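To start, the structure itself, in structure tokens.
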Amino acid sequence: MKKKRILITGGCGYIGSCLYTILRKKYNVFVLDKNKKKDWQKIPKKKLFICNILNFKKTEIIITKINPNTIIHLASLSTVNEKFKMKDYYQNNVVATNNILKIMQKNKIRNIIYSSTASVYDYQKTKINETSKLNPISKYGKTKLISENKIKNNDLNYIIFRFFNVTSAIIKPLTGEYHDPETHLIPSLVNNLNNNKISKIFGNDYNTRDGTCIRDYIHIKDICDAIYKGIKLIEKNNIKSILNLGNGKGNSNLDIFKSIMKISKKNMLFKFLPKRKGDQPKLICNIQKSKRVLNWRPRYSSLNNIIRNEIVWSNFLIKKKYNRKFS
Ligand SMILES: NC(=O)c1ccc[n+]([C@@H]2O[C@H](COP(=O)([O-])OP(=O)(O)OC[C@H]3O[C@@H](n4cnc5c(N)ncnc54)[C@H](O)[C@@H]3O)[C@@H](O)[C@H]2O)c1
């Protein structure tokens, strides 16, 4: 039987490149990205299209040629960084999504899987579910929510995934996170460990069990697994669904420090700094709906596994002299 055709936009980014390695065994997978692939990404030339989605004409020609059954739309300006203007986020998140939707409508492509974010939610003390109050604060979160609404206003099958903190690496073949600059906590701490740098913990007087912030970290492999189940579902059914993707459990900043020290058997230096404005004490997601709809559960997201795999990935980048920048 002929394999189904899947297009991953943003497939040279962190999540897209990891997803490619998982899906290529099951589907005929194509990648579209405005940037070139990195040296370790094993995407064959004939499967990779370098194109900025803001170039509507070129994107349409490529997508028509691929004629995918499902588009997994990951391309986005994903860093939360005040140096970027609202216009940058609007272009790469909203206008680019709109272009994809228009091309889908014109060419009768029916299925889209979209990567949204926990940043669309308002703060709440209890676990966040899909009907929790929305109130994005950052430009990033605001533009992701506008894109969600554009997708919902089209007559397409969709799954909108709201990812929490995606982290760690796939070991076989080795592929992982490489943002420029890297702002995420776990790679930054592992980098500090490797370079004997002092780490900063912002706030030790939050109303949490050890006084430091708590977040929901999900292993990239669990994200890829959920997207794979999402593709199977959307290919067979008429579905319009919003699903949280997280671990469903919280880890504090101190939990992560302790875990890195335990696994590496090295001591880490850190200092407490005052709380940062806007940081919430605790963000954990409720994953009951995802478990039910996808028949999925996180299997790789123990802190132990996350840290072990991130250390392997970080050592690989150091050995190969890929200079990772940290903010
Ligand atoms: N990494 C996380 O923890 C996380 C959490 C929540 C949501 N997300 C979402 O998941 C998706 C993937 O995240 P990631 O961490 O892999 O990001 P990433 O920055 O590593 O990858 C994004 C990719 O999109 C490409 N891209 C951006 N604008 C484009 C355009 N106009 N045309 C073509 N390509 C374009 C970039 O070149 C990049 O390769 C994003 O939509 C992000 O908002 C990620």
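Of all the C-alpha pairs in the stretch 106-216, what % are more than 23 Å from each other? The proportion of pairs with Cα distances above 23 Å equals 49 percent. Relative contact order for the chain: what percent, with Cα pairs under 8 Å and sequence separation of 6 or more? Relative contact order for the chain comes out at 19 percent.
Determine the relative contact order of the stretch 155-301: mean sequence separation of Cα pairs under 8 Å and six or more apart, normalised by residue count, in whole percent. Reported as a whole number, the value is 36 percent. Bridging of Lys277 to aspartates and glutamates at a Cα separation below 16 Å is possible for Glu82, Asp122, Asp205, once same-chain residues fewer than 8 apart are set aside. By DSSP, the beta bridges lying fully in the chain are antiparallel in about 10 percent of cases.
All distinct Cα pairs of the stretch 139-204 go into the 1/r average, and the inverse of that average, the Kirkwood radius, is 15.4 Å. Dividing the convex hull volume of the alpha-carbon atoms in the stretch 5-82 by its residue count gives 94 Å³ per residue. Per the Debye calculation on the chain with a single equal scatterer at every Cα and no solvent contribution, log₁₀ I(q)/I(0) for q = 0.11 Å⁻¹ amounts to -0.69. Sorting 185-197, 20-32 by average packing, meaning the other beta carbons within 10 Å per residue, from highest down gives 20-32, 185-197.
Annotation for the stretch 312-327 versus the stretch 43-64: alpha-carbon center distance of 29 Å. In terms of the mean number of neighbouring beta-carbon atoms within 10 Å, the peptides 42-54, 263-275, 111-123 order highest first as 111-123, 42-54, 263-275.
For the pair Asp180 and Asn237 in one chain, pulling the backbone fully straight at 0.36 nm per residue adds 16.7 nm over the alpha carbon distance. Amide H contacts under 5 Å for Phe202: Leu273, restricted to partners 5 or more places along the chain or on a different chain, H placed in the peptide plane at 1.01 Å from N. Here the sum of -39500 (n - 2.57) over DSSP H runs of 4 or more residues, divided by the residues of the chain, equals -10500 deg cm²/dmol at 222 nm, to the nearest 500.
Hull volume per residue, based on the alpha-carbon atoms of the stretch 89-144 and their convex hull, is 82 Å³. Summed over the residues of the stretch 94-178 and divided among them, the accessible surface reaches 39 Å² per residue at a probe radius of 1.4 Å.
Out of every Cα-Cα pair that the stretch 211-327 contains, those further apart than 18 angstrom amount to 64 percent. Placing one equal scatterer on every Cα of the stretch 43-99 and applying the Debye formula, the log10 ratio I(q)/I(0) at q = 0.17, 0.27, 0.28 Å⁻¹ is -0.64, -1.20, -1.24.
When restricted to Cα atoms, the stretch 166-207 yields an Rg and a Dmax of 13.0, 41 Å, respectively.
Computed over protein heavy atoms with a 1.4 Å probe, the carbon and sulfur contribution to the accessible area of the stretch 113-260 reaches 46%. Based on Cα contacts under 8 Å between residues 6+ apart, the stretch 1-150 shows a relative contact order of 22 percent.
Using modelled amide H (1.01 Å from N, peptide plane; none on Pro or chain starts), what sits under 5 Å from the amide H of Thr175, excluding residues fewer than 5 places away? Result for Thr175 returns Ile170. Partner aspartates and glutamates whose Cα lies under 15 Å from the Cα of Lys47, excluding those fewer than 8 positions away in the same chain, are identified as Asp33. Summary of packing: across the peptides 202-210, 71-79, the per-residue average of other C-beta atoms within 10 Å ranks them, highest first, as 71-79, 202-210.
The values are calculated or read from the model by the stated rules, or taken from the named source; none is laboratory data. Quick caveat: nothing in here was measured; it's all calculated off a predicted structure. Positions of Cβ are generated from backbone atoms using ideal geometry, with glycine treated the same way; all protein chains shown enter the neighbour counts. Just so you know, the surface numbers come from the protein's heavy atoms only, side chains and all, with ligands and any DNA or RNA stripped out. Shrake-Rupley method; radii C 1.70, N 1.55, O 1.52, S 1.80 Å.
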